[in-house]
1. Residues Leu194, Leu138, Leu169, Leu119: which one is crowded, with 17+ Cβ neighbours inside 10 Å and closer than 26 Å to Asn65 by Cα?
2. Mind counting the residues in region 240-278 that are more than 20 Å from Glu293 (Cβ to Cβ), in contact with a Leu (Cβ under 8 Å, 6 or more places away or on another chain) and among the β-branched types (Val, Ile, Thr)?
3. What number of residues within region 278-289 are in contact (Cβ under 8 Å) with a residue 24 or more places away in the chain and surrounded by fewer than 19 Cβ atoms within 10 Å (Cβ to Cβ)?
4. Which of (1) under 17 Å from Gly185 (Cβ atoms); (2) in contact with a helix residue (DSSP H, G or I) (Cβ under 6 Å, 6 or more places away or on another chain); (3) away from the ligand (no atom under 14 Å from the Cβ) does Phe53 not meet, given it meets every other one?
5. Going by the structure shown, is Gly85 modelled with pLDDT of 95 or more and within 16 Å of the ligand (Cβ to nearest atom)?
6. Could you identify the single residue in Leu98, Leu93 that is under 17 Å from the mean Cα position of the chain (by Cα), over 24 Å from Ala285 (Cα atoms) and touching a residue at least 24 places away in the same chain (Cβ under 8 Å)?
7. Would you check if there is a residue in region 97-113 being among the hydrophobic types (A, V, I, L, M, F, W, C), under 30 Å from Asn304 (Cα atoms), in contact with an Asp or Glu (Cβ under 9 Å, 6 or more places away or on another chain) and surrounded by 24 or more Cβ atoms within 10 Å (Cβ to Cβ)?
8. Would you confirm whether or not region 130-148 contains a residue that is in contact with a strand residue (DSSP E or B) (Cβ under 9 Å, 6 or more places away or on another chain), aromatic (Phe, Trp, Tyr) and in a helix (DSSP H, G or I)?
Amino acid sequence: MARHLMAAAVLLMAAGMNSAQAQDYPARTVTIIVPFAAGGPADITGRIAADIFNRHLGQKFVVENVGGAGGTIGALRAARAPADGYTILSGHLGTNALAPAFYPNLGYDAQKDFEPIGLTAEYPELLVVRKDFPANNLNEFVAYAKANASQLNVGHAGLGSVSYIGCLLLNAAIGIKPTMVPFTGTAPVLNAMLGGQIDYECDPVLGTLSQVRAGTVKALAIAAKKRSPMLPDVPTSYEQGLPEFDCAPFYAVFVPSGTPQSVIDRLAEALNKGLSEDSVQKRLADLGADIVEPDRRGPKALANLIKSESARLMPILREAAEK
Ligand code: MLT
């Protein structure tokens, strides 16, 4: 009996500490795991979220880049971190929705092991080729790629990353199987393309925007129904007759399951406030993001988006992978 009472007292004390800790949150530096290399779309977006949390929660939010295996190494680390709000994941469509299509033994459950905080941004993808690639539009690209598929190297950020997914859709639509070369993120892919080792990549628009503008790489198509205001001269895949190349991944913030609700609420509220700021909206728009409207912000909207995007894209990806 006495032992039971002791155990109950310990549990109560632990629960009390938990809620006290949650009220103080954040009382120390928070780590945001970005599961890709520095300098790419996930990193830039994760740092925008970190800046919002810094300013609205009065604490340091520090980005740690943990790249590898299409973002699943960093996501796994976040899933296994203590559920206390001091480790956050800035993940995306790949790590937190579609990874199970590519990894039978993922090590985490993309939906059950995380609590969604909210969307940060969505960006359409671009097909980008090296500067001297012998094609200047999607039709020329398709003709050249079909004739030379076995010699082409496609750079991507690992199996299941959104750059992999975008080019999987593109390659399947064309009916080619070029060599897929994995990197820890698309920032190193871009470097390899500038060095001439990579022929093409499919990356969210912000990843290559400044190089496209500088003319050091060429953008042939935006994988969306409408053009990007940041690159108004680049035609869409739809305009060029390849609607299957349609990919606009979301980037979003998550915490491990079991994180106290008050911590989730604080983070979600801060993110929402940040996304309403003109300066943040301008920064995201300048990167080519589709701004997340208020009704699509927060945990519930993100949970729904993950469910609907998984249901919509899993069969498309399985079919593309079999082609
Ligand atoms: C990156 O930041 O390297 C990319 O967004 C990762 C990806 O392609 O999924």
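The values are calculated or read from the model by the stated rules, or taken from the named source; none is laboratory data. Just so we're clear, the structure is a prediction, and the values are computed from it rather than from any experiment. Heads up, the Cβs are rebuilt from the backbone with ideal geometry, glycines too, and the neighbour counts pull from every protein chain shown.
1. Exactly one residue qualifies, and that residue is Leu119.
2. 1
3. 3
4. Only one criterion is unmet by Phe53, namely (1).
5. The answer is no for Gly85.
6. Result: Leu98 is the single residue among Leu98, Leu93 that is under 17 Å from the mean Cα position of the chain (by Cα), over 24 Å from Ala285 (Cα atoms) and touching a residue at least 24 places away in the same chain (Cβ under 8 Å).
7. Checking region 97-113: at least one residue is among the hydrophobic types (A, V, I, L, M, F, W, C), under 30 Å from Asn304 (Cα atoms), in contact with an Asp or Glu (Cβ under 9 Å, 6 or more places away or on another chain) and surrounded by 24 or more Cβ atoms within 10 Å (Cβ to Cβ).
8. yes
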